[in-house]
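Here is the structure we will look at.
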Amino acid sequence: MRQTLIKSEKLQAVEQMGAAISHEIRNPLTAANGFVQLLMNNNLPRHKQKEYLTIIKDELQSAERVIQDYLTFSKPSLETVELLQVKKELNNVISILKPTANQHSVEILTNFGIVGSIEGDRQKFQQCFINVIKNAIEAMPRGGHIHIETLYERTHVKIIVSDTGIGMTKEQIERLGEPYYSTKGPKGTGLGMMVVYSIVKAMNGTIDVTSRLDEGTVFTFSFPSVLSQNEMIADSS
Ligand code: ADP
Ligand code: MG
């Protein structure tokens, strides 16, 4: 099953996402705050205290997940476009996710060929791949492998992320990137892929997804490459 991305109508919604996201964070915080107020009552029986504390913990975790998927690096409005060395940025993302991968018995393998540079906002690029690789880890509840491969083509840099996880149905693939679409129940936000599609679009990139149930998923990203001075000289000969 395969589908190439042009999901502009889904992405249009993303432009106004800032407000929606702060709403997503405010809701659980308001709920947590309410239960803290209740806990301030000294006469509360022990079991009620425990119940309220559990709710508070869940609500705070839910707010934290929204922040992780959407704003790991904060600064949602500041867009700084710089030259990004793909290999360096991906290695940074991998080092951030290594502890999580280890916890889930997931091994991350890389095959970085000659990789060019692309243009984009460094923090957003990293957020994008954090979200993709985090999903890959979460798709392998019994552990597995993630392969991250880069290919340098004349005009494009390709980044291929594959996992040996649960895979997706055709319907799931079609709904990827839809705000709040998640199959993870209360542990999901359904914001991670929306953010991925939005960042890739802003970088003039494309996403291609192929997946097989119980076998795994392959995400192929393609970004316009930026030739360095030396490469341009070599190219013109
Ligand atoms: P969340 O991770 O909070 O559920 P995302 O937007 O990150 O939200 O992902 C949306 C959905 O896409 C997930 O709930 C899952 O069903 C599916 N998905 C994304 N990546 C993968 C993957 N590598 N393998 C299987 N399913 C995936
Ligand atoms: Mg996710």
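List the relative contact order of the range 50-131 as a percent without decimals, with contacts defined as Cα pairs under 8 Å and 6+ residues apart.
Computed over the range 50-131, the figure is 44 percent.
Provide the net charge surrounding GLN126, with neighbours chosen by a C-beta distance below 11 Å and charges set as Lys +1, Arg +1, Asp -1, Glu -1.
Working: positive: LYS88, ARG122, LYS124; negative: GLU89, ASP121.
My count for the surroundings of GLN126 gives +1.
Across the range 185-198, coupling constants 3J(HN,Hα) worked out from phi with the 6.51/-1.76/1.60 Karplus curve, θ = phi - 60°, read x, x, 8, x, 10, x, 10, x, 6, 4, 5, 4, 4, 5 Hz, and Gly and Pro carry x. Placing a pseudo-label 7 Å from each Cα along the Cα-to-Cβ vector at GLN103 and ASN33 gives an inter-label distance of 2.8 nm. What would the Debye equation give as log₁₀ I(q)/I(0) for the range 39-134 at q = 0.12 Å⁻¹, counting only Cα atoms as equal point scatterers? Ignoring solvent entirely, the Cα scatterers give -0.57.
Cross-link pairs exceeding 18 Å in C-alpha to C-alpha distance, out of LYS87/LYS124; LYS124/LYS184; LYS98/LYS184; LYS98/LYS187, comprise LYS124/LYS184; LYS98/LYS184; LYS98/LYS187. What the phi angles of the range 137-153 give under the Karplus curve with 6.51, -1.76 and 1.60, with θ = phi - 60°, is a coupling list of 4, 5, 7, 10, x, 9, x, x, 10, 10, 9, 10, 10, 10, 10, 10, 9 Hz, glycine and proline written as x. Applying the Karplus relation 6.51 cos²θ - 1.76 cosθ + 1.60 with θ = phi - 60° to the range 60-70 yields 3J(HN,Hα) values of 5, 5, 5, 5, 5, 5, 4, 5, 5, 6, 10 Hz, where x marks Gly and Pro. Local charge for PRO186 was computed over the other residues whose Cβ lies under 10 Å away, with Lys and Arg +1 and Asp and Glu -1, and equals +2.
Computed from the coordinates by the stated procedures, all read-outs in this text should not be read as laboratory data. Just so we're clear, the structure is a prediction, and the values are computed from it rather than from any experiment. For neighbour counting, all protein chains shown are included, and Cβ atoms are generated from backbone atoms with ideal geometry for every residue, glycine included.
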